[in-house]
Amino acid sequence: MEVISGDDRGKKGKVLRSYPRSDRIVVEGVNFIKRHTRPSQNNPQGGIVEREAPMHVSNVMLVTGGQRARVGHRFLETGRKVRYSLKTGDDIDS
């Protein structure tokens, strides 16, 4: 995925998590926030931890073949629904 708007515009990364109900995704290496954490068993030091935060799906685009592409849906002869690139016409889910 490539970020198309915001402070991290132009950065690329893979999707780590998705939240379909709120239309948000977490992209690797993009949209970092700082969390102040108290000491725990997992993190005895505590302190400030940087991690990726969810961002809206409208701020990213799928990258296929090295270029950004809009995604469409179509049905194959077998009745299976697949995504395809509107720019090139190639199947993404094949």
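For segment 4-11, indicate whether the set of residues that are loosely packed, with under 11 Cβ neighbours inside 10 Å, out of contact with any Pro (no Cβ under 6 Å at 6 or more places or on another chain), part of a loop (DSSP other than H, G, I, E, B) and modelled with pLDDT under 90 is non-empty.
Looking for residues that are loosely packed, with under 11 Cβ neighbours inside 10 Å, out of contact with any Pro (no Cβ under 6 Å at 6 or more places or on another chain), part of a loop (DSSP other than H, G, I, E, B) and modelled with pLDDT under 90, one finds none in segment 4-11, hence no.
Considering only segment 24-52, how many residues are more than 19 Å from the chain's Cα centre (by Cα) and under 30 Å from Arg9 (Cβ atoms)?
Matching residues across segment 24-52 total 7.
Based on this model, can you work out whether Val63 counts as in contact with an Asp or Glu (Cβ under 6 Å, 6 or more places away or on another chain), in contact (Cβ under 8 Å) with a residue 12 or more places away in the chain, among the hydrophobic types (A, V, I, L, M, F, W, C) and closer than 17 Å to Glu2 by Cα?
Spelling it out, Val63 is indeed in contact with an Asp or Glu (Cβ under 6 Å, 6 or more places away or on another chain), in contact (Cβ under 8 Å) with a residue 12 or more places away in the chain, among the hydrophobic types (A, V, I, L, M, F, W, C) and closer than 17 Å to Glu2 by Cα.
The values are calculated or read from the model by the stated rules, or taken from the named source; none is laboratory data. Quantities reported herein were computed from a predicted structural model and do not represent experimental measurements. Using ideal geometry, Cβ is built from the backbone for each residue, glycine included, and neighbour counts are taken over all protein chains shown.
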